Amino acid sequence: MVPANLTPQYHQAEQRFKAAKTVEEKIEALEEMLAVIPKHKGTEKLQADIKKRLSKLRNQGMQKSKAARYNPYRIPREGAGQVVLTGFPNSGKSSLVGALTRARVCIADYPFATQVPVAGMMSFEDISIQLVDTPPLTGEGVDPGLVNLLRQADLILLTIDGSGDTCLEEIEISLNLFQQKKVGLEEKPCLIVITKEDLPGTQENLALIREFVPPQYPLLTISVFDAGIERLRPQIYAALNVIRIYSKTPGQPPDLRTPFVLKKGSTILDFARSVHRDFPQRLKAAKVWGSAKFPGQAVLRDYVLQDKDIVELHV
Ligand SMILES: Nc1nc2c(ncn2[C@@H]2O[C@H](COP(=O)(O)OP(=O)(O)OP(=O)(O)O)[C@@H](O)[C@H]2O)c(=O)[nH]1
Ligand SMILES: [Mg+2]
């Protein structure tokens, strides 16, 4: 075996490696060892060894920096639609998500209680809809993560504390911000929920609020301490503009447990596409129960489906 003939420089670097505490320090020392190691047959095995340790540490480092880049605003859509709740501090976002889902939200009587988005599933009849609680909006700047979340949402739910002196300003600032940040209110619905209906201040402000809000925004008034909050489930579902379609295999009863959720206005062809991507080409006939003139009526592929229709596709 050829002697390694390691240099003092190498030994120093090796000492630094042994003393290193962080992944970064270790990587740096190993790189130095590799740079100064005499390159000949006798050190080949040692060189390979250093390279192996380096790549292992670099992988660790990458995972660490991935964790550092973790984005709490990245919330994958789940269920029949994603509803993002937004609004000024203390306006009742977390209380709503807490009342309608099992998500562990932070509710507090001081502002800025919520620091990262929290998602929960709201059940409505036989489907569930994702509600996302978020940190508050303010008049001064908005987190780009929140803007992205609003852009990707299927429905925006703006909460306004009806009892507050600044409720009209909050509505104005929020709607302006949605426009400035182009969150897509041209094609996506936005519900304005006036919270704290139980407080006398809200009752006093309601007439003003109704006059102030542009007519294209549906206004709801609720209290989380009142059973009326349950009305929100169907109202959120309705605002999502989707329909549920149950599929039926020929000769069998329909599958009423797991509906397909489609955009309102979807046709037989759209439904066929969501069942299987080959179905539109293979589709020979379709029958509809529900909105059809009579149960099991044969319909064409451009037939517009309605909520709760049962569809039998023949391919
Ligand atoms: N009286 C009354 N109080 C409410 C209602 N909804 C929420 N609150 C109270 O208002 C305070 C703020 O509620 P949160 O749900 O934490 O408000 P938030 O919008 O999530 O607040 P941030 O996370 O700071 O943005 C809490 O003390 C709630 O109990 C309501 O309908 N009626
Ligand atoms: Mg909150």
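Annotations for the structure displayed:
- Whole-number percent relative contact order across region 8-68, with pairs defined as alpha carbons under 8 Å at least 6 apart: 32 percent
- Paramagnetic reach from residue 302 in region 229-270 [backbone N under 14 Å; point 7 Å along Cα→Cβ]: 267-270
- The long axis of helix 8-19 is offset from the longest Cα principal axis of the chain by roughly 40 degrees.
- Cβ crowding within 10 Å averaged over residues, with 161-170, 102-111 ranked highest first: 161-170, 102-111
- GNM flexibility winner over the chain from 219, 206, 283 (Cα, springs under 10 Å): 283
- The trypsin sites (Lys or Arg not before Pro) of region 163-229 that meet both conditions, a loop assignment by DSSP and at most 14 other Cβ atoms within 10 Å of the site Cβ, are 182.
- For the chain, the longest principal axis of the Cα atoms and the long axis of helix 200-212 meet at an angle of about 80 degrees.
- Listed residues 130, 311, 62: farthest to the positive end of the dipole of the chain (Cβ charges): 62
- Compared with the alpha-carbon gap, the fully stretched path from residue 126 to residue 63 is longer by 18.7 nm at 0.36 nm per residue.
- Taking the Cα centre of the chain as origin and assigning +1 to Lys and Arg Cβ atoms and -1 to Asp and Glu Cβ atoms, the resulting dipole is close to 2180 debye.
- Within region 259-315, trypsin sites (Lys or Arg not before Pro) in DSSP loop having at most 16 other beta-carbon neighbours inside 10 Å: 264, 277, 284, 293, 301, 308
Read-outs: derived from the displayed coordinates by stated rules, not from any lab. Keep in mind that this is a model prediction, so the values were computed, not measured. Because the Cβ atoms are built from the backbone with ideal geometry, glycine has one as well, and the counts that use them run over all protein chains shown.
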